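Undergrad: Can you keep this structure in mind? I'll have questions shortly.
The numbers here are math on the coordinates, done by the rules we state, and not lab data. Everything quoted here is computed from the prediction, not taken from an experiment. Heads up, the Cβs are rebuilt from the backbone with ideal geometry, glycines too, and the neighbour counts pull from every protein chain shown.
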Ligand SMILES: Nc1nc2c(c(=O)[nH]1)N[C@H]1C(S)=C(S)[C@@H](COP(=O)(O)OP(=O)(O)OC[C@H]3O[C@@H](n4cnc5c(=O)[nH]c(N)nc54)[C@H](O)[C@@H]3O)O[C@H]1N2
Ligand SMILES: Nc1nc2c(c(=O)[nH]1)N[C@H]1C(S)=C(S)[C@@H](COP(=O)(O)OP(=O)(O)OC[C@H]3O[C@@H](n4cnc5c(=O)[nH]c(N)nc54)[C@H](O)[C@@H]3O)O[C@H]1N2
Ligand code: SF4
Ligand SMILES: [Mo]
């Protein structure tokens, strides 16, 4: 068919849970998106999209897109069947169930539940919060990803931000500690390569030989969950070998004396044993960290998804204050949340002022526990999942049991019939980011975009904001804060850091002004003392350790017991969490990505060979997977990639059958990387 209009290029922000927030140029012909490319002028991402988003159109136009609302017919759970219904029915039934729950137990018996389907502020982290807050539903504490980090930020707000990634070009030492940016946020690598050209050394600390570790000069294969012990060991060496920047410590920190006392009482050999590393590795790392300047540190999310996660973040974050690394351009840590914090007023976006006083907060990680607890009052009677797939939760056997509760009404809003949909009464079709407007901010750099709908919604799909507005109308809610258009909302929440005109007229805007490459060279920390607090007395009354220290993880330090392997279910470069595993891009590589990597020595001990099908199990559950011999893991650790759906697993099960529902030491976060299993040959069917 001949084209009726000239192709148009629309600028769309990548919505995924990734710090890079790339800008896509979407070419639209006759109302159909035909090509996606990175926007060349974007200062941070410079025209390169990652492998998965290069194939974003496979996702948008997938045959599996849900294009109209459905209701479940027949039983809940695997194999659930659905029947098409109208939007009127979907909204009337869902709002009706909400109304009934409100009448019976009050609005807290409704739990809107979401995480990171989109990072767009309007569709994903704004209008939905307003809906919940106006109605007075239970408030969801979103802790699945970075609860321990959030716990640390609560007490040490300077953990947001640090120096901007551009500073890395000046670094002479770059440490990726529990971070794998070549998979999880690749654009920082341009700065790393520039630093390397200028002589920088790169070290990666990770139990697994990740892509980042392979591209580093040195890999330190630490035992999972023991990072705080390594950081304490480094601080001990730095203190005892006279490598402390005493001038920085005197001027800009408090509590060094107390810290020193603690460090002196520690044994380096014991710390090294905890980490499964030679003491000499800790000594060399500490000396190098203090000597090679500027020294940059990435506190990755990998260190904090364990029962010792807060302890790790707290201990690691003390390192730059001890050596005065903050004095140098390219020294200190660079971390998450940069553009997010500057560009918007998050309280305004959520309209937290509308929350009825005393409203209950529910930690998302305790969903199954609360659903199964007969004394949880008021009970959760309506669950509304959006931007969330339940397969991402740990301990799936308990999650599935909880979602089966007969008196629980579940609505899901998603682009696909995910595992969550199998437990839903009603599923509503969501737009992709190509089909709606949004404000896209970055968690990793200082640029924001107003992302425009490039194509019309596919089928009958509706945006999150439309559904919340439809539900609010059906419930008779009149609060005007709920009925804003995208631009009215964005105008309402932007801070002065962003020019509205520029945001709407240009593909991207800077949200931070001049780069602040030396944020803490002269202290200025956001603590009560204004200094870096090695010792924070205020933590004592909260029941916390005032000093950094090592806390044992829940499982990964056990050296004896029924489940001898530490288990890592890691993030693949070609998925974002559970978002691509059902699409061609990941199906093509399932044979390699969906294998269990085990060290050859362990396999020999177990009498297992590469290609064997094995059962991976513990007292929470099991899954079946082919074995691959690999020296990327150390003896005692096994690893695979996660994100596959249960309903696409032919009964083999998935990794979250074995992961732990226990919470982080502080912050109530997910502890996915703190898990022990056993492995045996599987000869059964499936
Ligand atoms: N074993 C293991 N489990 C893990 C992790 C791990 O490393 N290992 N990682 C954890 C971490 S860090 C995270 S952040 C969580 C992620 O957990 P989730 O945020 O649940 O992850 P996603 O797979 O991104 O699921 C989001 C869903 O939102 C949908 N969606 C996308 N865009 C939209 C939209 O505009 N509107 C609506 N309504 N829906 C949309 C997608 O189709 C998708 O089904 O998983 C956690 N689970
Ligand atoms: N391609 C892709 N990109 C993504 C995602 C994705 O699924 N795919 N997910 C997004 C999300 S939700 C997040 S939260 C970010 C996370 O991005 P990152 O901060 O890079 O964190 P992770 O990938 O969770 O973990 C990084 C590394 O930590 C290691 N690790 C696990 N346990 C430990 C430990 O106890 N100590 C140490 N030192 N290392 C450990 C893992 O082996 C892994 O290689 O990535 C985002 N970007
Ligand atoms: S997932 Fe990350 S790297 Fe890939 S296009 Fe989106 S923002 Fe860029
Ligand atoms: Mo995450």
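Undergrad: Tell me, what are the semi-axes, in whole angstrom and largest first, of the equivalent ellipsoid of the range 518-646 as set by the roots of 5 times the Cα gyration tensor eigenvalues?
TA: 40, 22, 14
Undergrad: Just to be sure I understand: of the beta bridges DSSP finds with both ends in the range 531-686, what percent are antiparallel, rounded to 5?
TA: Among the beta bridges of the range 531-686, antiparallel pairing accounts for roughly 60 percent.
Undergrad: Right, another one. Counting pairs of alpha carbon atoms under 8 Å apart in space and at least six apart in sequence, what relative contact order in percent does the chain give?
TA: 21
Undergrad: Using only helices, what value at 222 nm comes out for the chain when you add -39,500 (n - 2.57) per DSSP H run of length 4 or more and divide by the total residues, to the nearest 500 deg cm²/dmol?
TA: -8000 deg cm²/dmol
Undergrad: Give the shape of the range 73-144 as rounded, prolate or oblate, defined through the alpha-carbon gyration tensor: a ≥ b ≥ c are the square roots of its eigenvalues, a/c under 1.5 means rounded, and otherwise the shape is prolate if a/b is larger than b/c and oblate if not.
TA: Oblate shape, in that a/c is at least 1.5 and b/c is the bigger or equal ratio.
Undergrad: Rank the residues 392, 433, 595 as a footprinting-exposure proxy: fewest other Cβ atoms within 10 Å of their Cβ go first.
TA: 595, 392, 433
Undergrad: Next question. With the cut-off at 16 Å, report for the range 461-510 the share of all Cα pairs above it, as a whole percent.
TA: Value for the range 461-510 (Cα pairs over 16 Å): 52 percent.
Undergrad: In angstroms, what radius of gyration and Dmax does the chain have, counting Cα atoms only?
TA: Calculated on Cα positions, Rg and Dmax stand at 24.9, 79 Å.
Undergrad: Now for a separate question. Work out how much length residue 683 to residue 587 would gain on full extension: take 0.36 nm times their residue separation and subtract the Cα-Cα distance, in nm to one decimal.
TA: 32.1 nm
Undergrad: Let me ask something additional. So the label point goes 7 Å from the Cα of residue 6 along Cα→C-beta, right? Which residues of the range 442-456 then have their backbone N under 20 Å from it?
TA: 454-455
Undergrad: Give the relative contact order (percent, whole number) for the range 142-250; include only Cα pairs under 8 Å separated by 6+ residues.
TA: 19
Undergrad: To continue, here is another question. Antiparallel versus total DSSP beta bridges in the chain: what percent is that, nearest 5?
TA: Approximately 50 percent, going by the DSSP bridge assignments.
Undergrad: Between residue 460 and residue 631, take the C-beta separation as r, use R0 = 51 Å, and let me know the FRET efficiency to the nearest 0.05.
TA: For residue 460 and residue 631, the calculated efficiency is 0.50.
Undergrad: What does the extension gain come out to for residue 479 and residue 71, with contour length at 0.36 nm per residue minus their alpha carbon separation?
TA: Net length gain for the segment: 143.9 nm.
Undergrad: Which whole-number percent is the relative contact order of the range 384-440 (Cα, under 8 Å, 6+ apart)?
TA: After rounding, I find 34 percent.
Undergrad: Can I ask one more? In terms of the Cα gyration tensor, with a ≥ b ≥ c the square roots of its eigenvalues, is the range 263-305 rounded because a/c is under 1.5, prolate because a/b exceeds b/c, or oblate?
TA: Note, shape of the range 263-305 comes out oblate.
Undergrad: Would the range 1-80 count as rounded, prolate or oblate if I go by the C-alpha gyration tensor, calling it rounded below 1.5 in a/c and otherwise prolate when a/b exceeds b/c, oblate otherwise?
TA: oblate
Undergrad: When you count, for each residue, the other Cβ atoms within 10 Å and take the mean per peptide, how do 663-673, 408-418 rank with the highest first?
TA: Sorting 663-673, 408-418 by mean packing, highest first, produces 663-673, 408-418.
Undergrad: Could you order the peptides 181-193, 60-72 from most to least packed, using the average number of other C-beta atoms within 10 Å per residue?
TA: 181-193, 60-72
Undergrad: Between residue 348 and residue 542, what length in nm is gained on full extension when 0.36 nm per residue of separation is reduced by their alpha carbon distance?
TA: That works out to 67.0 nm of additional length.
Undergrad: Using per-residue counts of other Cβ atoms within 10 Å, averaged over each peptide, order 168-175, 6-13, 29-36 from highest down.
TA: Ranking, from highest mean packing down: 168-175, 6-13, 29-36.
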